[in-house]
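Structure first, then comments.
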Amino acid sequence: MLDNNTFTPNFEFHPLNKTIIDVTRILQGQAALQNIKFKVNTPDQELIVQLDQLRLQQVIINLLSNAIKFSNPNDTIKVDVTTDISALTTSGLVIVCIKVSDKGIGISPKDLKNLFKPYFKTTDDLNKTKNKDSHGLGLSICQTIVKSMNGQLDVESELGIGSIFSITLQTSVYDKSSQQKKVSDPILL
């Protein structure tokens with residue numbers, strides 16, 4: 001439940017690649033209206049990782065919806081998923097990074113400072129009539145959700161060039177070989 005910037009995630013084991021691909025399928029219709037395509041890059045090996053699948057999908061839906069909203073027709077939005085399993089043997093955790101990249105209008109340095117604050121709208125958001133229904137809560141909620149999963153949500157952006165939103169999580173992996181779950185509480189980065 002999300003209340004007063006707190007949230008208790010429901011951690012379960014889910015296939016990482018499938019979780020990401022399912023989200024892009026949900027938004028393909030919205031993207032197709034502007035002839036926008038998704039390019040999804042996932043690890044070759046499917047990992048079963050511990051996460052709150054519903055909430056992670058909620059965050060990615062918000063990031064992709066914003067990317068669609070602020071991209072030009074015929075653009076391509078990239079979703080890159082990487083995993084670092086080098087720490088797996090010692091800690092039982094894997095680092096997951098999910099990046100959503102667009103070549104949209106970008107965000108000014110001044111607006112970047114306030115981007116995750118509740119009710120904040122960028123200068124460009126206020127000037128775009130198609131975004132008049134925005135309340136400025138989406139990214140604030142996304143950050144709260146990601147932090148509740150002991151993760152980090154970051155953004156890099158340049159006006160006229162586009163934006164890259166990155167979700168970084170440390171999470172447990174399901175060990176298929178022993179048919180047991182390697183359960184460790186995810187730790188704060």
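Quick check on this structure: which one of Ile98, Ile77, Ile61 is out of contact with any Ser or Thr (no Cβ under 6 Å at 6 or more places or on another chain) and assigned to a helix (DSSP H, G or I)?
Values: Ile98 fails: assigned to a helix (DSSP H, G or I); Ile77 fails: assigned to a helix (DSSP H, G or I).
On inspection, the qualifying residue turns out to be Ile61.
Can you tell me which residue within the range 85-115, out of those that are within 22 Å of the chain's Cα centre (by Cα) and among the charged types (D, E, K, R), is nearest to Leu153 (Cα to Cα)?
Among them, the one singled out is Lys99.
Going through the range 23-41 one residue at a time, which ones are part of a strand (DSSP E or B) and either modelled with pLDDT under 95 or of a type in the set (Lys, Arg) (or both)? Even if it seems obvious, please write down each step before you answer.
We begin by selecting, within the range 23-41, every residue part of a strand (DSSP E or B); these are 37-41.
Hits for the range 23-41 are Lys37, Lys39.
Go through the range 105-159 and tell me which helices (runs of 4 or more DSSP H), entirely inside it, have 1 or more residues that are surrounded by 13 or more Cβ atoms within 10 Å (Cβ to Cβ), out of contact with any Lys or Arg (no Cβ under 9 Å at 6 or more places or on another chain) and at pLDDT below 75. Outline the logic, then answer.
Numbers: elements: 109-112, 123-127, 138-148.
Per the criteria, 123-127.
Restricted to the range 75-102, and to residues that are at pLDDT below 95 and not β-branched (Val, Ile, Thr), which residue is farthest from Ala32 (Cα to Cα)?
Ser91
Can you pull out the residues in the range 160-189 that are at pLDDT 50 or above and either crowded, with 20+ Cβ neighbours inside 10 Å or under 19 Å from the mean Cα position of the chain (by Cα) (or both)?
Correct list: Gly162, Ser163, Ile164, Phe165, Ser166, Ile167, Thr168, Leu169, Gln170, Thr171, Ser172, Val173.
Out of all the residues in the range 19-36, is one or more without any contact (Cβ under 8 Å) to a residue 24 or more places away in the chain and among the basic types (Lys, Arg)?
Applying the first criterion (without any contact (Cβ under 8 Å) to a residue 24 or more places away in the chain) to the range 19-36 yields 21, 25, 28-29, 32-33.
Checking the rest, the ones that are also among the basic types (Lys, Arg) come to 25.
Within the range 19-36 (the criterion being without any contact (Cβ under 8 Å) to a residue 24 or more places away in the chain and among the basic types (Lys, Arg)), the answer is yes, since at least one residue qualifies.
With respect to Gln45, is the statement that it is in contact with a Pro (Cβ under 6 Å, 6 or more places away or on another chain) and in a loop (DSSP other than H, G, I, E, B) true? Full working, then the answer.
Numbers: in contact with a Pro (Cβ under 6 Å, 6 or more places away or on another chain): no; in a loop (DSSP other than H, G, I, E, B): yes.
So Gln45 fails the test.
Considering (1) surrounded by 15 or more Cβ atoms within 10 Å (Cβ to Cβ); (2) at pLDDT below 95, say which one Thr19 fails and leave the rest.
It is condition (2) that Thr19 fails.
On the basis of being surrounded by fewer than 12 Cβ atoms within 10 Å (Cβ to Cβ), in a helix (DSSP H, G or I) and among the β-branched types (Val, Ile, Thr), does Thr90 make the cut? Step through it out loud before you land on a result.
Values: surrounded by fewer than 12 Cβ atoms within 10 Å (Cβ to Cβ): yes; in a helix (DSSP H, G or I): yes; among the β-branched types (Val, Ile, Thr): yes.
Answer is yes for this residue.
Would you check which residues across the range 69-87 are surrounded by fewer than 19 Cβ atoms within 10 Å (Cβ to Cβ) and of a type in the set (Gly, Ala, Ser) and list them?
Matches in the range 69-87: Ser86, Ala87.
Are any of the residues in the range 43-57 over 17 Å from Ile145 (Cα atoms) and either touching a His at 6+ places or on another chain (Cβ under 6 Å) or among the polar types (S, T, N, Q) (or both)?
The answer is yes, given that some residue of the range 43-57 is over 17 Å from Ile145 (Cα atoms) and either touching a His at 6+ places or on another chain (Cβ under 6 Å) or among the polar types (S, T, N, Q) (or both).
The values are calculated or read from the model by the stated rules, or taken from the named source; none is laboratory data. Treat the numbers as computed from the prediction; the structure is a model and nothing was measured. Every residue, glycine as well, gets a Cβ built from its backbone with ideal geometry; the counts of neighbours run over all protein chains shown.
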